[in-house]
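The structure appears right after this line, and notes come after that.
Bear in mind that the values in this text are calculations on the coordinates, not laboratory data. As the structure is a prediction and not an experimental result, all values here were calculated from the model. Glycine gets a Cβ as well: all are built from the backbone with ideal geometry, and neighbour counts include every protein chain shown.
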Amino acid sequence: MNINLTLVGETIMFAMFVWFCMKFIWPPLVEAMAARKKSIEDGLQAAERGKEEHAQAKQNSEELLANTKNQAADIIANADKQANVMIDNAKGAASEEADKIKVHAKAELDQEIVKARNELKGQVSTLVMRGVNSVLEKEVDAKTHKDMLSKLSKSL
Amino acid sequence: MATGELTSSAYIKHHLQNLTYGKFPDGHWGFAENAIEAKEMGFMAFHVDTLGFSFVLGVLFLFLFAKAAKRASIDAPSGFQNFVESIIDFIDDNVRGSFKGQNPMVAPLALTTFIWIFLMNTMDLVPVDWLPVLAQKIGGLFGADPHHVYLKVVPTTDPNMTFGMSIGIFLLILFYSVKEKGIGGFVGELTLHPFGKWMLPANLFLEGVNLLAKPVSLALRLFGNMYAGEMIFILCALLPFWIQWSLSLPWAIFHILIVTLQAFIFMTLVIVYMDMAHQKEH
């Protein structure tokens, strides 16, 4: 139990060991541990973010789907409406056209009737003239009987 | 275990004698053959066993931890790496808890102190006769008288070891006190407290004792505990071999606690002393 140079030797040894530990052991280990801690934290954060993104994407797709459904319904409704309008229009146009044709035909018919009647009137008056001639055996003065004749033809 | 020609007291003394290499009074260097020769060598001597065991254990610690540090990766660690990292975490927690300053040296200092002392203390758990008898046999092979081959296995039972460490700590305390507070600040701390400047001698005496008590108490606490523990193992070894276990086993189990506790106390006090050296305001 004598105090001797061992004391100095141990002090030097201690200093060397501490120096070595400070230089080559402590920093790499602590750095590696800190880096691992950080990478785990980052991983957890990334997972959290991924979860959030997933939820967001799900919500987005749901919204998109709902929108699309609404849009499709709108389009169908519009198309229905437009078809109805078109049918109505077509109906209107057709009935208008039919009316027009009817009116036209009637007018033509009337014209024909008048024409035929006039023709008939002329023929009848001629016939009457001839009949009267033959009855009277003499030429009827056209001028004198013209008024009578025209009255006659009018009354027909 | 006391054999024929050895008395109990000779056996104990033999176990408490370091293997000493030093300068004889007549000027030549050599191994001391007995306690008287070792004493005559005075300061100019080395305890080869203390230096050797502490060196081997320190290198073992540095080697294992350096290996772990080299392989330290961000990927999942395994096996020994985990063990090393749990120790690092433990030391780091302690340093963060007690040391408020900024100094990258304190944590490695604490780690080295803890593991080195722990390993040296653990040598106490090696049965007391194994290594000394082995050394005697080896010494015999080299032609030395086996009775003059001494070996003290536990470096921390040598006050040279514990004082060597605590003097290192003391120098660090002085260095960082001066560095952090300046010479004026450090001298002021030693002379102006606790009684104010009119009681300067009393202050200096109290603070001086306080300062010197740090390394002395560090060294003596560790030395005393380990020396006493070692002594009890040696006494247990005096019993007949078939009954030794009944005392040495319980003591060894209890000693595991002391081994760890003493290393932990030394480390904690080192951290606290370094913190005090870094504190600027008093």
- request: Under 1.5 on a/c is rounded, so check that first for the stretch B:1-81, then, if it is not, pick prolate when a/b is larger than b/c and oblate when it is not; a ≥ b ≥ c are the square roots of the alpha carbon gyration tensor eigenvalues.
  value: oblate
query: Considering the alpha-carbon set of chain A alone, what are its Rg and its Dmax in angstrom?
result: 60.8, 195
- request: Taking a cut-off of 20 Å between Cα atoms, list the lysines near A:K51, but don't count ones fewer than 8 places away on the same chain.
  value: A:K38
query: How many angstrom lie between the C-alpha centres of the stretch B:216-282 and the stretch A:46-83?
result: 74 Å
query: Going by how many other beta carbons lie within 10 Å of each one, how would you line up A:F14, A:F20, fewest first?
result: A:F20, A:F14
query: Sorting B:L141, B:L192 on the 10 Å Cβ count, fewest up front, what's the list?
result: B:L141, B:L192
- request: May I ask which of A:K23/B:K214; A:K23/B:K100; A:K23/B:K179; B:K39/B:K137; A:K58/A:K81 have a Cα-Cα span longer than 29 Å here?
  value: A:K58/A:K81
- line: Under the Karplus relation with 6.51, -1.76 and 1.60 and θ = phi - 60°, whole-Hz ³J(HN,Hα) for the stretch B:100-110, x at Gly and Pro, equal 9, x, 10, 7, x, 8, 5, 5, x, 4, 5
query: Can you give me the relative contact order of the stretch B:8-278 as a percent, contacts being Cα pairs under 8 Å and 6 or more apart?
result: 24 percent
message: If I take R0 = 25 Å and measure r between the Cβ atoms of B:K137 and B:A10 in this structure, what FRET efficiency does the formula 1/(1 + (r/R0)^6) give, to the nearest 0.05?
response: 0.85
- line: Partner shielding of B:154-162, taken as the mean number of other chain Cβ atoms within 10 Å, equals 4
- request: Give, rounded to the nearest 20 debye, the magnitude of the charge dipole that chain B has about its Cα centre when Lys and Arg contribute +1 at Cβ and Asp and Glu contribute -1 at Cβ.
  value: 540 debye
task: Please check which bits of the stretch B:248-273 a label hung off B:A228 would reach, taking the label as a point 7 Å along Cα-to-C-beta and the cut-off as backbone N under 19 Å.
output: B:248-267, B:269
- prompt: Can you give the mean number of other chain Cβ atoms that lie within 10 Å of the Cβ atoms in peptide B:69-76?
  reply: 5
task: Run a plain Debye calculation on the protein assembly as shown (Cα atoms as equal point scatterers, no solvent) and give log10 I(q)/I(0) at q = 0.08, 0.09, 0.12, 0.13 Å⁻¹, rounded to two decimals, same order as the q list.
output: -0.68, -0.78, -1.11, -1.21
task: Work out the charge dipole of the stretch B:8-278 with +1 on the Cβ of Lys and Arg and -1 on the Cβ of Asp and Glu about the Cα centre, then indicate which of B:W245, B:G196, B:L269 is farthest towards its positive end.
output: B:G196
task: Sort out the exposed loop trypsin sites (Lys or Arg not before Pro) in chain B (DSSP loop, at most 15 other Cβ within 10 Å) and tell me the longest stretch that has none.
output: B:101-279
field: Sorted by Cβ density within 10 Å, fewest first, the residues A:K146, A:K121
entry: A:K146, A:K121
statement: Classified through the alpha carbon gyration tensor (a ≥ b ≥ c as square roots of its eigenvalues; rounded if a/c is under 1.5, else prolate when a/b is larger than b/c, else oblate), the stretch B:8-278 comes out oblate
query: Can you give the mean number of other chain Cβ atoms that lie within 10 Å of the Cβ atoms in peptide B:186-193?
result: 0
- request: Considering only B:S78, B:S217, B:S246, give the residue with the highest GNM mean-square fluctuation for chain B, with springs between Cα atoms whenever their separation is below 10 Å.
  value: B:S78
- request: Under a cut-off of 18 Å between alpha-carbon atoms, report the aspartates and glutamates in cross-link reach of A:K121, not counting same-chain residues fewer than 8 places apart.
  value: A:D110, A:E112, A:D147
field: Under the Karplus curve 6.51 cos²θ - 1.76 cosθ + 1.60, θ = phi - 60°, whole-Hz ³J(HN,Hα) for the stretch B:28-43, x wherever Gly or Pro sits
entry: 8, 9, x, 7, 6, 8, 7, 4, 5, 4, 4, 5, 5, 5, x, 6
query: Which residues' amide hydrogens lie under 5 Å from the amide hydrogen of B:F46, considering only partners 5 or more residues apart or on another chain, with H built in the peptide plane?
result: B:Y21, B:G22
